[in-house]
Amino acid sequence: MSDNWSASARPSKNERRAEAREKARQLRQEQQKKERRTRLLLQGGVALAAVAIIAVIALVLVNSVRPEGPGPRNMASDGIRIGEGLVAVPTPALAPGDRPVTSEANPPGVVDIQIFVDYLCPICGEFEAENGELIRTLVESGAATVEYRPIAILTNMSAGTQYSLRAANAAACVANYDPDSFFDVNEALFVAQPEEGSPGLDDAELLEVIQSAGATSSQLEQCIADRTFRSWVQAATDRAVTGPLAIRDAEVEAIPGTPTVLVNGKVFEYRFPFEQSEFSQFVLQAAGDEFSTNPTPSPTPTPSP
């Protein structure tokens with residue numbers, strides 16, 4: 001995939017760190033000036049701060065009673081299933097409060113791969129870097145389906161910007177508005193993955209990454225800016241870590257963290273660093289003898305109603 005956006009469209013990681021340090025220095029200088037002001041001005045500042053606090057509390061209260069929105073289309077299972085030719089399986093959106101619907105079983109010989117990812121999780125990024133091309137080959141040929149399940153367990157690990165949540169929301173926007181680009185978008189989000197503990201990409205940069213991967217819907221920008229699927233991301237994350245999972249024949253009730261990878265319901269107990277040969281062997285073992293003699297079976301089914 002093209003990597004032009006990373007070099008020219010946004011600052012390097014070192015430049016962003018330097019900018020953050022400079023902003024912090026300026027804030028400290030401003031604070032020192034405030035402390036030297038007269039008592040009267042200080043009291044006035046306290047009063048203004050109190051007003052600001054009240055406004056923040058009011059905003060939190062308003063947000064807390066905001067009704068939960070629907071989930072994205074094509075993620076009725078809490079994941080987007082991608083089949084032969086990297087085409088997404090269409091499903092309706094989950095209504096607020098609905099439980100996810102387990103995808104229909106694959107035909108014999110078609111491997112079911114399920115991957116829980118957090119786009120800030122560095123180990124998820126390394127799994128994708130090592131095994132992404134293998135998964136692409138299996139899915140493009142029709143030998144497997146892959147169901148990506150973006151969640152946000154690292155929301156508080158991005159210097160206050162909630163990058164994990166925003167990136168998962170952006171992925172949900174793609175699933176809703178441009179689902180057949182999801183496989184490439186997922187790859188691009190990991191190529192552009194920021195460091196854990198950094199502010200991460202802003203919304204404009206997220207959009208740029210997604211568009212560079214081939215998503216073209218004009219509705220993506222507003223969906224990302226509005227955090228349209230924020231409540232769904234939070235609910236899907238809760239369901240992933242508490243269970244039960246909407247995954248056929250899953251041998252676990254919930255996930256311990258990310259990445260969690262299941263093949264035909266069996267958990268991939270990986271070793272680190274990742275080796276593609278290890279995951280390839282696990283896929284063959286989980287699929288059984290039929291897969292090795294029938295690697296390109298019939299098209300992907302649609303999910304159960």
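Derivation of every value follows stated rules applied to the coordinates shown; laboratory data play no part. Since the structure is predicted, the reported quantities are computational estimates derived from the model, not experimental observations. When we count neighbours, we look across all protein chains shown, and the Cβ atoms used for this are built from the backbone with ideal geometry, even at glycine.
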*asked:* Rounded to two decimals, what is the ratio between the C-alpha radius of gyration of region 129-208 and 2.2 N^0.38 Å?
replied: 1.16
*What list of ³J(HN,Hα) values in whole Hz, one per residue of region 150-161 in order, does the Karplus curve 6.51 cos²θ - 1.76 cosθ + 1.60 (θ = phi - 60°) give from phi, with Gly and Pro shown as x?*
x, 10, 9, 9, 10, 4, 8, 10, 9, 6, x, 8
*Name the shape class, rounded, prolate or oblate, that the alpha-carbon gyration tensor gives for region 156-201, where a ≥ b ≥ c are the square roots of its eigenvalues, rounded holds for a/c under 1.5, and otherwise prolate holds if a/b is larger than b/c and oblate otherwise.*
oblate
*asked:* Full-extension gain between Ala225 and Val252, please, as 0.36 nm times their residue separation minus the C-alpha to C-alpha distance.
replied: 6.2 nm
*For region 72-79, take each phi angle, set θ = phi - 60°, evaluate the Karplus expression 6.51 cos²θ - 1.76 cosθ + 1.60, and give the result in whole Hz per residue in order, putting x for glycine and proline.*
x, 5, 6, 9, 5, 8, 6, x
*Considering amide H positions built from the backbone, and no H for Pro or chain starts, which residues 5 or more places from Val111, or on another chain, come under 5 Å of its amide H?*
Ala144, Thr145
*Inter-label distance for Asp180 and Leu134, nm, one decimal - labels placed 7 Å from Cα along Cα-to-Cβ*: 2.9 nm
